[in-house]
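The next block holds one structure in the form of structure tokens; read it before the comments.
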Amino acid sequence: MTIDIKKELNDKQYLAAAQVNGPLLIIAGAGSGKTRMITYRIAHMLENGIHQSNILALTFTNKAAREMEERVKTLTNRKLTNLTVSTFHAFGVKILKESISHLDYNDNFSIYDQTDKISAIKEAARELNISPDVLDIYEVSNLFSSIKTGRQKWSERNNSFKPLYEEYQEYLYNHNSVDFDDLIILPVKLLTEYPDILNGYQLKYQYIMVDEFQDTSLAQYKMIKQLATENRNVCVVGDDDQSIYSWRGANYQNIINFETDFPELTEIKLEQNYRSTKNILSAANSLIANNTNRKEKELWTGIGHGKSIELYYPENETREADFISEMIKSFYLRNNLKYHDFGVLIRTNNLSTLIENSFLTENIPYKVSGGTSFFQRKEIKDIIAYLRVLDNPDDDVNFLRILNTPRRGLGKATLLKIREISKNKGCSLYAAAAELRWTGDSPLSNKVQSSLQEFIDMIEEYKEMLQDEEIKKFKTIKDLIETINYWGYLIVEHQKNEKLAKWKYKNISIFMELFEKWEKNTDSKDKKLGTYLNRITLLTRDDDEDSDEGQVNLMTIHASKGLEFEYVFLAGVENNIIPHARSIEENPDNIEEERRLFYVAITRAKQKLFMTSCKTRKIGYEIVDTGPSPFLSEIPKELIEFHTPAEDVNDDEAMGYFAKMKNKFNSKDH
DNA sequence: GTAAGGCCCGTTTTT
DNA sequence: CGGGCCTTAC
């Protein structure tokens, strides 16, 4: 079967998909059929005899990667098990798996996420006798990230953190662990310092494609450049107007770097929008025109004007949530829409709670993406920590997490003794604890001694079981959870809230289901526990493939990039939320990035856009008068239908509201 | 030495 | 309101 890409694509898209050789820069406006173009481009390559294993497609999120892979598979009707479609970070893990031994790491390294990183920094601070409360740990963590990725240099202002940074690095190294930044930086190091390794990858990946190029960091760009510099078959696709990750090191400058490093490039602009109505697109265009730092472009659409954009001013955030629910319900019933045709977008994760509550009361099926990831929840992290230690005993951060969770009488004093041995012997905490267990004239009380012994023996036992290929790991882990009596722990910890305990335990069951599915899945050839652990550390949402259907999508604007919905609700369109106060506080120039965020939000909508701007909002504990987002005034008035807050709460609703409040109050105070 | 209860504070966005 | 950290109670 051949695919007629000329017929399926517009002229510009065709040009982009047909040019397989040489560097290509594609500026693809929102909704310009970028994914479609990329999909066809890959299919076109495959049809022209390029082997799938020679293609590397890099994306930003797991979701995007999965989607792209699916689409290519469907289009070409091939299995494509050797096509590499991956996020930057997952690709980094792959390189490290293969070559990290050159850097003197073991390939069963642990990946530390944000939380683990913070604990590691705290540990490092302890080593240096820096009391952790003098540090703004969050800030330090960001600084280290900037230093590591080369975004910032040591200067007089931050020099004082240099010893701590070095200690932190040593800590990671000693515990055979890497952080998220390492997943990019270490591969770059390998590719720079080992020409053989570089050659190997260049030989393998002769055709490279990068999606969401505007969101790549300088380090990620280096990686691309290294891989592509020999073959020069590299296609990057991006839209400077949708660059919303600069705080994480994403750099618009990369588009310029690309132009300098690959001067022979072809540049193609995709400006026809296939997604939104004229009204929505005009609003987006007028808004983004206020940014100074951008590539000139004007998106246009062949679609009609469509419905007007509507702006509502709810009294407060509860009313806002109820309003959104009501609207979704009524449109769902009247307009023959499915629930998954609705997208509810928010600037910050914490805005989701009330909306979720409202969906729950109204029985609207929904799905939140982003936010605290499933795998970041405490109960899941606890179980993962056990698995981490079983896989990599040097992993101190996770050892610390499980040593006394569930409580087994191994507290501060015991830990101090373990630390001492670890320090003297230069070994991991686990090894130190294992040694302490046998010490004859133990400095520990009998009770503690036997508890420690039991703990270590248990770990050893499960370690052995996991190595036995005959036994299903799923069963072993399930067994482990029972042995440590995690359920009992949850009950004790949440005595006053049995529901919470049950919910948490249910999460663990879900986790186990996911694991079992993974283990059973014949597609995954590498069934090592560490492979699974490293995979899930990079997941933010629970990627349940088939559950997208029939559910309203609730997510942050950041998470919505690349997606589209028939109807979009944008909540919290208020000053200090978008643009976010913190962002402006940090640097007034961030206003442009906030505007791009708003732009991304608007351009998700196909048919209809609703915006809500509350008059008051509860922030922390107090009720604050809020003003509408200043960006609203950058959209031509005639495009928006304003709904003045005329309708006050009617009596019935008011009663309902107060009754709810009263109940809430009563149940809390005995 | 460990665990339970009191007190303060509130991470923008994510791999 | 809930989680992390510190103090006090066993």
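The values are calculated or read from the model by the stated rules, or taken from the named source; none is laboratory data. Not measured: the values here are computed from a predicted model. With ideal geometry, Cβ positions are generated from the backbone for all residues, glycine too; neighbour counts draw on all protein chains shown. Side chains are part of the model used for accessible areas, which takes the heavy atoms of the whole protein and leaves out ligands, DNA and RNA. Shrake-Rupley method; radii C 1.70, N 1.55, O 1.52, S 1.80 Å.
For the reader, a short list of remarks on this structure follows.
- Entry comment: accessible area of the stretch A:396-470 is 55 Å² per residue, from protein heavy atoms only and a probe of 1.4 Å.
- Net charge over other residues, Cβ less than 11 angstrom from the Cβ of A:Arg408 (K, R count +1; D, E count -1): +1
- Carbon and sulfur %, accessible surface of the stretch A:374-492 computed with the full protein complex present, 1.4 Å: 50
- Solvent-accessible surface of the stretch A:325-393, averaged per residue with a 1.4 angstrom probe and all protein chains in place: 41 square angstrom.
- Backbone HN-Hα couplings from phi across the stretch A:626-643 [Karplus 6.51/-1.76/1.60, Hz, Gly and Pro as x]: 10, x, x, 5, x, 5, 4, 6, 8, 9, x, 3, 5, 7, 10, 9, 8, 10
- Long-range amide H partners of A:Phe569 with built H, under 5 Å: A:Gly343, A:Val344, A:Leu345, A:Phe610
- Close amide H pairs (under 5 Å, H built 1.01 Å from N) link A:Thr626 with A:Thr616, A:Arg617, residues at least 5 positions away or on another chain.
- Shape category assigned to the stretch A:50-90 from the gyration tensor of Cα positions, a/c cut at 1.5: oblate
- For the stretch A:379-445 versus the stretch A:291-341, the gap between their alpha-carbon centres in whole angstrom: 53
- The largest-to-smallest principal axis extents of the Cα set in chain A are 84, 70, 56 Å.
- Rounded to whole Hz, the Karplus (6.51, -1.76, 1.60) HN-Hα couplings of the stretch A:152-166, x for glycine and proline: 9, 10, 5, 9, 4, 6, 10, 3, 5, 8, 4, x, 5, 4, 5
- For A:Val552, the amide hydrogen comes within under 5 Å of the amide hydrogens of A:Tyr366, A:Lys367, counting only partners 5 or more places away or on other chains and with H modelled in the peptide plane.
- Bridge type composition, chain A - antiparallel percent by DSSP, nearest 5: 10
- Accessible-area composition of the stretch A:1-158, carbon plus sulfur, in percent [1.4 Å probe]: 45
- Karplus-derived 3J(HN,Hα), 6.51/-1.76/1.60, for each residue of the stretch A:39-51, Hz, glycine and proline x: 4, 5, 5, 5, 4, 4, 4, 4, 5, 8, x, 7, 6
- Exceeding the 21 Å Cα-Cα cut-off - candidates A:Lys307/A:Lys367; A:Lys478/A:Lys528; A:Lys378/A:Lys502; A:Lys381/A:Lys478: A:Lys307/A:Lys367
- Note on exposure: A:Asp211, A:Asp322 ranked by accessible area (1.4 Å probe, complete protein assembly) read A:Asp322, A:Asp211, with the most exposed listed first.
- In this structure the stretch A:29-76 gives 32 Å² per residue of accessible area when probed at 1.4 Å with all protein chains present.
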